[in-house]
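Engineer: Structure below; questions to follow.
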Amino acid sequence: MKRDEKPPSHISLFNEEAEESLLSGLLEEGGGTILDECYLTGLEPVAFHKPAHQHIYNAMIVVQFANNSSLNPLTLRDELARAGYPDIDFTSKYCYGDDIRAFIKIVRDLHIRRRLFEIAHRIQDEVTEGQETAYDIMTKYESVMMRLVRPEEHPQTDSELLQEIIAEVHDANVHGRPVGSVMTGFKTLDDMWGGMENHGMYVIHGAPGSGKTTLGRCIAKNVAKAQMNPVFYTLEQSRKQLLRSMLGDEAQFNIFMGRIGKEAPAPGQLENGADRITALDHLICDDQITPTQFRARMKRDVEYGGHRLAILDYLQAFKRDEGIRKEHEHVEMCTNTVRECAKEFGVPILAMASESKDQGLRYSGQIEYDAYGIMRIEKAEGYSPHNLVHQCTIYKNRFGPCDITFKITMQKDGSFVEEGREHERANYDLG
């Protein structure tokens with residue numbers, strides 16, 4: 001086939017009706033989980049052949065993921081106008097119900113076919129020129145073709161990774177702390193974990209009422225103050241409940257006593273605390289989501305929101321995905337999803353996990369296998385309303401010492417302050 005030759009007439013590389021059917025279906029569904037699937041599987045605007053369809057699909061992505069708005073004809077039209085395409089007027093002409101996923105496959109497959117056709121011409125040119133060996137050409141285009149299937153993957157060479165590791169060591173010694181890791185703000189935890197490393201899943205677990213959510217909230221505040229832009233996925237509490245506790249921390253005021261009329265704040269005390277919270281760069285999500293939906297939210301929040309840490313409260317509180325019936329299957333899917341999201345999106349995820357009185361950390365085998373680091377929080381011996389001391393034990397640390405115990409004390413405002421190390425034993429868990 002010559003360089004300027006078109007594919008044989010019986011091979012169609014374009015199907016604008018399928019593109020329009022997919023876009024119509026997405027609009028009819030209001031985006032939702034179907035658009036989540038498109039986004040997660042790497043269906044990019046360039047996959048559409050018609051330029052107008054590329055602009056429409058990109059606008060849908062921006063509306064749902066960047067603007068965090070509901071997708072409907074009005075929000076779609078407004079985003080198209082904002083992007084400089086006010087003349088594109090897309091209305092739903094088709095409605096294929098359950099066939100939407102079939103059109104996703106068609107659009108993606110045709111895009112890959114068009115790209116393969118272009119690559120075939122480039123290979124033909126390079127083979128003819130004879131400037132590279134056949135092995136070099138095969139190696140180069142093997143990775144090019146793999147990126148058609150996994151467009152997010154751009155693997156670094158061993159040399160690049162080694163130079164990155166060396167630079168991290170030098171930078172850490174210059175700054176006196178790990179560079180690139182996310183610090184929790186609790187000295188013992190940061191010393192032992194070395195901060196939370198990108199791509200890693202970390203777990204804090206404990207019984208109900210042990211202080212997991214409070215500790216997670218304190219870590220979120222510390223990370224936000226360090227301008228690391230955390231996102232807090234609260235699957236148990238509402239945003240209002242979480243913000244109420246954050247306000248108590250920041251204003252150093254007992255919100256509970258205030259709400260029952262037993263304690264009055266000083267003039268401006270709560271207002272100033274609220275101003276400081278709103279000035280922090282953070283995000284709170286309280287949607288009841290499945291593990292699959294969590295992956296879509298993570299992709300949105302990392303790519304569009306620039307968040308450097310995700311905190312999940314708590315791991316077992318995900319809604320079950322369709323077809324998942326048994327508890328151990330649900331927990332396995334939850335932990336696998338969180339671990340894969342940390343690796344895929346390049347940010348650490350700190351997950352709270354609940355334990356029951358009779359089972360400890362439920363289905364702990366899977367959770368312990370997936371986590372880079374695990375810490376247990378519990379009420380310390382002698383705990384009382386006048387002695388709010390909690391004990392924390394780091395018992396898994398993939399890259400450093402473990403079996404470290406330290407104590408944190410709950411303050412009047414509901415926040416935690418570390419008291420200091422109680423016990424330390426050199427024991428390296430190489431994972």
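The values are calculated or read from the model by the stated rules, or taken from the named source; none is laboratory data. Just so you know, these numbers come straight off a predicted model, no measurement behind them. Because the Cβ atoms are built from the backbone with ideal geometry, glycine has one as well, and the counts that use them run over all protein chains shown.
Engineer: Residue 69 fails exactly one of the following numbered conditions: (1) more than 30 Å from the chain's Cα centre (by Cα); (2) at pLDDT below 90; (3) part of a loop (DSSP other than H, G, I, E, B). What is the number of that condition?
Structural biologist: (1)
Engineer: Still on this structure, I have one more. Only one residue in 104, 61, 88, 100 is of a type in the set (A, V, I, L, M) and touching a Gly at 6+ places or on another chain (Cβ under 6 Å). Which one?
Structural biologist: Selected residue: 100, the only one of 104, 61, 88, 100 that is of a type in the set (A, V, I, L, M) and touching a Gly at 6+ places or on another chain (Cβ under 6 Å).
Engineer: Go through 288, 293, 316 for me and flag whichever is of a type outside the set (Phe, Trp, Tyr) and within 11 Å of the chain's Cα centre (by Cα).
Structural biologist: 293
Engineer: Here's a follow-up. Please specify each residue of the stretch 93-119 satisfying the condition of being surrounded by fewer than 16 Cβ atoms within 10 Å (Cβ to Cβ), aromatic (Phe, Trp, Tyr) and at pLDDT 85 or above.
Structural biologist: Hit for the stretch 93-119 is 117, nothing else.
Engineer: Ok, one more. Take the residues in the stretch 73-92 that are polar (S, T, N, Q) and surrounded by 14 or more Cβ atoms within 10 Å (Cβ to Cβ); name whichever of them is farthest from residue 48 (Cα to Cα).
Structural biologist: Filtering first and then ranking leaves 75.
Let's see how each residue does on (1) in a loop (DSSP other than H, G, I, E, B); (2) hydrophobic (A, V, I, L, M, F, W, C):
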{"site": "26", "(1), (2)": "no, yes"}
{"site": "43", "(1), (2)": "yes, yes"}
{"site": "49", "(1), (2)": "yes, no"}
{"site": "58", "(1), (2)": "no, no"}
{"site": "76", "(1), (2)": "no, yes"}
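Engineer: Under 7 Å by Cβ, and 6 or more places apart or on different chains, what pairs join a residue from the stretch 370-385 that is of a type in the set (Gly, Ala, Ser) with one that is outside any strand (DSSP E or B)?
Structural biologist: That search, which allows pairs on different chains as well, returns 373/193; 373/398.
Engineer: For the stretch 197-269, which helices (runs of 4 or more DSSP H) that fit wholly inside it have 1 or more residues that are within 19 Å of residue 316 (Cα to Cα) and among the polar types (S, T, N, Q)?
Structural biologist: Because the criterion is at least 1 residues that are within 19 Å of residue 316 (Cα to Cα) and among the polar types (S, T, N, Q), the helices (runs of 4 or more DSSP H) in the stretch 197-269 that meet it are 212-225.
Engineer: For residues that are modelled with pLDDT of 90 or more and among the charged types (D, E, K, R), tally how many sit in the stretch 35-66.
Structural biologist: Selection size over the stretch 35-66: 1.
Engineer: Of all residues in the stretch 294-315, which are free of Cβ contacts under 8 Å to residues at least 60 places away in the same chain and buried (at least 20 other Cβ atoms within 10 Å of the Cβ)?
Structural biologist: Across the stretch 294-315, the qualifying residue is only 298.
Engineer: Restricting attention to the stretch 289-297, does a residue exist that is not in a helix (DSSP H, G or I) and not basic (Lys, Arg)?
Structural biologist: yes
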